[in-house]
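Asks: Sending over a structure as structure tokens; questions will come in a sec.
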Amino acid sequence: MSLTLVIGDKTYSSWSLRAALALELSGAPYSEQLIALNRPETRAQILQHSPTGKVPLLITDEGIIWDSLAISEYLAECFPAAQLWPQERAARALARSACAEMHSGFVALRSHLPMDLKRNQALAEIPADAMADIQRICALWAECRQRFAQAGGFLFGQPSLADAFFAPVAARLRSYQVALPAEAAAYVETIYQWPAFQRWYQAAQEEYLA
Ligand SMILES: N[C@@H](CCC(=O)N[C@@H](CS)C(=O)NCC(=O)O)C(=O)O
């Protein structure tokens, strides 16, 4: 199966990072096509591939798949042996709930603390609505970690789509130097030690340096 992931800038495109991590979890070989965001030509370039004008987009032999959640579900179906979702049904339901909550929520966090993997600076003040998002995320992470800590350091023990979805949040919390409870800080560190995340992070550091 031939797979091409169309993504935005690695420094800024949090939705693209999710899809790339889902692909890394699948273990499938894929190629990458990067379209720089926020340029006059960006929209026309994305529209050549996707009717939504948004990235990420996965080009497959069976057609195109847009939206990071749809891409993740497609990969989970195509590569069941890779266990992108937790195997136990109750854990899988919790993981799906967490991904759905991320996918449709946390608007204040996303708008006030946009992903910027080159940043290492706190905001002067975190707005109250963004702080409420952060508190909810820490509570969700704590619930997952309490239930699945014995199986490993990721939200459900071993890396899963839930980690792909929350890795950009972990990156925001670190790059904006947000003070966190110990459990959440440990999870952020787990993401930063994840080789799949490290590869993307390193590429982001090198982006547009030339
Ligand atoms: N819900 C979509 C959101 C995709 C999205 O908003 N992508 C942004 C980049 S991270 C984008 O393509 N923006 C278009 C632009 O900046 O022109 C998904 O999960 O894939």
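No value in this document is a laboratory result; all are computed from the given coordinates. Since the structure is predicted, the reported quantities are computational estimates derived from the model, not experimental observations. Virtual Cβ from ideal backbone geometry, glycine too; neighbours counted across all protein chains shown.
Asks: Which residue fluctuates most in the GNM of the chain (Cα springs below 10 Å): 25, 109, 123?
Replies: Comparing 25, 109, 123 in a Gaussian network model of the chain, the most mobile one is 123.
Asks: Sticking with this one: When the chain is modelled as a GNM with alpha-carbon springs shorter than 10 Å, which of 146, 158, 83 fluctuates the most?
Replies: Looking only at 146, 158, 83, the largest GNM fluctuation is found for 146.
Asks: Of all the Cα-Cα pairs you can form in the stretch 1-130, what percent are over 24 Å apart?
Replies: Considering the stretch 1-130, 37 percent of its Cα-Cα pairs are separated by more than 24 Å.
Asks: Now a separate question. Positive end of the charge dipole of the stretch 89-197 (Lys, Arg +1 and Asp, Glu -1 on Cβ, about the Cα centre): tell me which of 170, 156, 108 has its Cα farthest that way.
Replies: 156
Asks: Tell me, 208, 74 in order of fewest to most beta-carbon neighbours within 10 Å?
Replies: Ascending number of Cβ neighbours within 10 Å: 208, 74.
Asks: Return the single residue from 98, 171, 132 with maximal mean-square fluctuation; model: Gaussian network over the chain, springs between Cα atoms under 10 Å.
Replies: Of 98, 171, 132, the Gaussian network model singles out 132 as fluctuating most.
Asks: Over the stretch 52-210, what is the relative contact order in whole percent, taking alpha-carbon pairs under 8 Å and six or more residues apart?
Replies: On the way: 148 pairs, mean separation 34.5, N = 159.
Value for the stretch 52-210: 22 percent.
Asks: For the stretch 95-201, compute Rh as the Kirkwood radius over C-alpha pairs and then the Stokes-Einstein diffusion coefficient at 20 °C and 1.002 mPa s; write the answer in µm²/s, rounded to an integer.
Replies: 154 µm²/s
Asks: How big is the dipole moment of the chain about its Cα centre under a simple scheme where the beta carbon of each Lys and Arg is +1, that of each Asp and Glu is -1, and everything else is neutral? Debye, nearest 20, please.
Replies: 240 debye
Asks: Tell me the relative contact order for the stretch 4-82 as a rounded percent, counting alpha carbon contacts under 8 Å between residues six or more apart. List each step's numbers first, then the result.
Replies: Working: 106 pairs, mean separation 28.3, N = 79.
Taking the mean separation of contacting Cα pairs over the length of the stretch 4-82, I get 36 percent.
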